[in-house]
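Reviewing the structure listed below.
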Amino acid sequence: MDWDQVELNPKVVHAVKRANVKTFREVLSLSGPDLQRLTKLSHADVHHLQKTVAAAVQTDPAVTALQLYRGECPFLEQHQKLSLGCPVMDSLLRGGIPLLGIVEIAGESSAGKTQICMQLCLSVQYPRKYGGLEAGAVYICTEDTFPTKRLQQLSSLQHKLRPEVPADVVKSITFCDNIYIEHAGDVDSLNSCISKRVPILLSRGLVRLVVVDSIAALFRCEFEAKDALLRAKHLLAFGATLHSLSHRFKTPIVCVNQVADAVGDSDLAQSNFG
């Protein structure tokens, strides 16, 4: 949306532009004191600015508890899944991945798990009418570095990969700017990221998708076989935290895991390496 589309005092609009606040999302993601500091506006002007922008971006009407109880909110079920941006996969998943709960993507190395996750990070940014959630994504890496080059390639090809979306809509989305990348090298860093930094982004409406690539790798490294019960306890606690975030913010959580195999002596004996 453009600033000319909302009824604001020209003085307020000028102050916002001068502070380099370019989008409505930025206004809503900043606190009142932060906006005052950046724009040098009064408390009353900032409050009016936030209220006006919030009303302009609201897409669904307010819902009362009585309406929820009676099931009189059909629009709530219209966007209960996030599209993968691929008609074939969306058909297999009956529309995409659910907004509530944890989705696990497991497979062998180089099977395309990260590719799917990156496509989801792009798809979530599309308008709701095209299967997105109009928000960014958090991508947490625990093993390899984030494949930035591959993401840029996918981003530049969106006009071809999503031909059903008008070209002007695709051009209006700055895909790479809305993906927040975190690297967690141990379990404590991962827990800190999930419990502290991610909720801030979710509460501000900046993201509506969380990807963890991957979970099991860290737990395998930090816990020995004899610590299986302790490892299971930490995994359960971590899973409960992810479920809580998903239900609190109506955000899909995607976890990636690799398939591993245990090779025994009998398998080695039967193998022919000659």
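The values are calculated or read from the model by the stated rules, or taken from the named source; none is laboratory data. Keep in mind that this is a model prediction, so the values were computed, not measured. Cβ atoms come from the backbone with ideal geometry, glycine included; neighbour counts cover every protein chain shown. Areas reflect the complete protein model, heavy atoms only, side chains present, ligands, DNA and RNA absent. Shrake-Rupley method; radii C 1.70, N 1.55, O 1.52, S 1.80 Å.
Odds and ends about this structure:
- Normalised contact order of the chain, rounded percent, pairs of Cα under 8 Å and 6 or more residues apart: 22 percent
- DSSP beta bridges in the chain [antiparallel fraction, %, rounded to 5]: 10 percent
- Long-range tail of P(r) for the stretch 88-227 (Cα pairs > 21 Å, %): 46 percent
- Contact order, relative form, for the stretch 141-226: 47 percent (alpha carbon pairs under 8 Å, 6 or more residues apart, mean separation divided by residue count).
- Computed about its Cα centre, the charge dipole of the chain is approximately 1020 debye, with only Lys, Arg, Asp and Glu carrying charge at their Cβ.
- Cα-based helix-to-principal-axis angle, 43-57 vs the chain, degrees rounded to 10: 60 degrees
- Over the chain: helical MRE at 222 nm, DSSP H runs n ≥ 4 each giving -39500 (n - 2.57), nearest 500: -12500 deg cm²/dmol
- Crossing angle, helix 113-123 versus the chain [Cα axis fit, 0-90 degrees, rounded to tens]: 10 degrees
- For the stretch 180-246, convex hull volume per residue from C-alpha positions, Å³: 74 Å³
- Per residue, the accessible area of the chain comes to 59 Å² when a 1.4 Å probe rolls over the protein heavy atoms.
- Whole-percent carbon and sulfur share, accessible surface of the chain, 1.4 Å: 54 percent
- The residue list LEU201, LEU229, THR23 was ranked by how far each Cα lies along the charge dipole of the chain toward its positive end, using unit charges on Cβ atoms, and THR23 comes out on top.
- Taken over the alpha carbons of the chain as equal point scatterers, the Debye sum produces base-10 log I(q)/I(0) values at 0.13 Å⁻¹ of -1.00.
- Coil-residue GluC sites (Glu not before Pro) of the stretch 139-220, DSSP, other Cβ within 10 Å capped at 10: GLU164
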